[in-house]
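Participant: One structure coming up, written as structure tokens, with questions to follow.
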Amino acid sequence: MTLIKSISGIRGTIGNQPGENLTPIDIVKFTTAYARFMHNKNGGKRLRIVLGRDARISGAMVEDIIEGTLLGCGVDVINVGLCTTPGTEMAVITHKADGGIIITASHNPKQWNALKLLNENGEFLNDAEGKQVLSLADDDSYCYPDVDNLGKVILREDFNDEHIRQVLALPLVDIEAVRARKFKVVVDAVNSVGGVVIPKLLRELGCEVVELNCEPTGHFAHNPEPLPQNLTEISEVIVREGADLGIVVDPDVDRLAFVNEDGTMFVEEYTLVAVADYILSQQVGNTVSNLSSSRALRDVTLSHGGSYTASAVGEVNVVAMMKQTGAIIGGEGNGGVIYPELHYGRDALVGTALFLTYLAKKNMTMTALRATYPAYFASKNKIELTPAIDVDKVLLEMKQRYSSENVNDIDGVKIDFAESWVHLRKSNTEPIIRIYTEAKSAAEADDLAQRFIAEISEICNL
């Protein structure tokens, strides 16, 4: 059982001992800290906070505790209920709220849940703000408001239809072009909120939808991270149904992966690449992805006359770099598409609508479109952390060993070789070291990863 306190939120396993897991006591503690931070930031004014959750089993329980705690802190609540992460972010903007809390542990298994904290722009708190919340959580001096100053639930309303409406209203989403193609799409929503919103979006776009694991029970039918090894079922269904493609989302619907018509993976790294290819074909501009993302985005951006920049890992870092460089499209190689024309957040709905528009306009199959992009192969591995592993020591040793190569240490250590790269970093959301590699073949990427795993093991005497 684990409780991870970081600037990106509070994430932990449900039950067991307070302070070591995500228990009701911990939920109250960190919700109060967030309310205090937001009050301080806003000069003590009465706040309006949006609250939304995914469909995981503990979601309703956590939602009730957070809502009650916010009311007890004198905060008014806009509760959008079962809602995607991007939908909750957009609800903050649409309702002109002061912030938001998303209840989701994203791709983590069902025993996990988390509080993701938003500012008034529907974006994640930055590093300094996150640290302030963590500091306030350890301060017991807070006095809660009296009975005359409690908060109220000022709205309890679904936001999913409004999210879909805003996506379909985007100028670069060509509804008629998609409808004309009459795509047959298999959707695997891993029994969470994506099973509510993605099929509805697709039907608005004139698609025939085959639903797979779309009932939002929170009992995930498979490991919820949309990686190839977890997607064997949808591959079989696509071939059996003669579908044009498959769409896979994680439990909170900020990550998007596609499956080809023959059951092979389009590969989640290429979700952003394809969407960016479409956007850049309509407008010259800059792009951003994080250090762990594929070189393919850089290649596509340069081919369109734009400029590519890499940021530190984490949505907040990608967004900051996008604003700094004026990027018109960006995101993360884990299938996260950020399209500022809608909002600054990873959004599988906007990614789906833009991708299908491009696929329709290109009049290609999935495999044909995929073949138009540079062929890179990623290998994503991890080492479980133990007390014997000194992460800082590992990263420093690797930086020194490869000082003759192109090394970037803004977030862990990334070593760029001529035809490949490796990125080593400590995860913000799990007790692991991530080892991401990319090369011109899967075998080369795997071999590079195993080489660095062996070197780390050697350093740590594992």
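The values are calculated or read from the model by the stated rules, or taken from the named source; none is laboratory data. No experiment lies behind these values; they were computed from the predicted model shown. Every residue, glycine as well, gets a Cβ built from its backbone with ideal geometry; the counts of neighbours run over all protein chains shown.
Participant: Restricting to the stretch 196-211, what's the tally of residues that are surrounded by fewer than 24 Cβ atoms within 10 Å (Cβ to Cβ) and farther than 15 Å from Ala348 by Cα?
Facilitator: Matching residues across the stretch 196-211 total 7.
Participant: Could you figure out which of (1) over 20 Å from the mean Cα position of the chain (by Cα); (2) buried (at least 23 other Cβ atoms within 10 Å of the Cβ); (3) farther than 19 Å from Ala35 by Cα isn't true of Leu70?
Facilitator: Failing condition for Leu70: (3).
Participant: List the strands (runs of 3 or more DSSP E) inside the stretch 403-455, counting only whole elements, that have at least 2 residues being surrounded by 20 or more Cβ atoms within 10 Å (Cβ to Cβ).
Facilitator: In the stretch 403-455, 413-416, 421-426, 432-439 are the strands (runs of 3 or more DSSP E) which contain 2 or more residues that are surrounded by 20 or more Cβ atoms within 10 Å (Cβ to Cβ).
Participant: If you check Arg46, Arg56, Arg36, which single one turns out to be out of contact with any strand residue (DSSP E or B) (no Cβ under 9 Å at 6 or more places or on another chain) and either basic (Lys, Arg) or assigned to a loop (DSSP other than H, G, I, E, B) (or both)?
Facilitator: So the residue among Arg46, Arg56, Arg36 that is out of contact with any strand residue (DSSP E or B) (no Cβ under 9 Å at 6 or more places or on another chain) and either basic (Lys, Arg) or assigned to a loop (DSSP other than H, G, I, E, B) (or both) is Arg36.
Participant: Still on this model: What residue, of Val133, Val185, is out of contact with any Asp or Glu (no Cβ under 6 Å at 6 or more places or on another chain), assigned to a strand (DSSP E or B) and either of a type in the set (Gly, Ala, Ser) or farther than 21 Å from Asn79 by Cα (or both)?
Facilitator: Exactly one of Val133, Val185 is out of contact with any Asp or Glu (no Cβ under 6 Å at 6 or more places or on another chain), assigned to a strand (DSSP E or B) and either of a type in the set (Gly, Ala, Ser) or farther than 21 Å from Asn79 by Cα (or both), namely Val185.
Participant: Still on this structure, I have one more. Go over the candidates Glu397, Glu438, Glu455, Glu444 one by one and state the one that is in contact with a helix residue (DSSP H, G or I) (Cβ under 8 Å, 6 or more places away or on another chain), closer than 30 Å to Leu245 by Cβ and among the acidic types (Asp, Glu).
Facilitator: Only one candidate passes the filter, namely Glu438.
Participant: Please pick out the residue among Val407, Val422, Val391, Val413 that is free of Cβ contacts under 8 Å to residues at least 60 places away in the same chain and in contact with a Ser or Thr (Cβ under 6 Å, 6 or more places away or on another chain).
Facilitator: None of the others qualify; the one that does is Val422.
Participant: State whether one or more residues within the stretch 223-241 are within 30 Å of Leu302 (Cβ to Cβ) and modelled with pLDDT of 95 or more.
Facilitator: no
Participant: Going through the stretch 11-33 one residue at a time, which ones are of a type in the set (Val, Ile, Thr) and in contact with a strand residue (DSSP E or B) (Cβ under 9 Å, 6 or more places away or on another chain)?
Facilitator: Thr13, Ile14, Thr23, Ile25, Ile27, Thr31
Participant: Would the stretch 5-28 turn up any residue that is within 17 Å of Asp138 (Cα to Cα), hydroxyl-bearing (Ser, Thr, Tyr) and surrounded by fewer than 18 Cβ atoms within 10 Å (Cβ to Cβ)?
Facilitator: Checked the stretch 5-28: at least one residue is within 17 Å of Asp138 (Cα to Cα), hydroxyl-bearing (Ser, Thr, Tyr) and surrounded by fewer than 18 Cβ atoms within 10 Å (Cβ to Cβ).
Participant: Counting just the residues of the stretch 266-311 that are of a type in the set (D, E, K, R) and part of a loop (DSSP other than H, G, I, E, B), which one comes out farthest from Val186 (Cα to Cα)? Full working, then the answer.
Facilitator: Just the residues of the stretch 266-311 that are of a type in the set (D, E, K, R), to begin with: 268-269, 277, 295, 298-299.
From what is left, the residues that are part of a loop (DSSP other than H, G, I, E, B) are 268, 295.
Values: Glu268: 16, Arg295: 29 Å.
The residue in question is Arg295.
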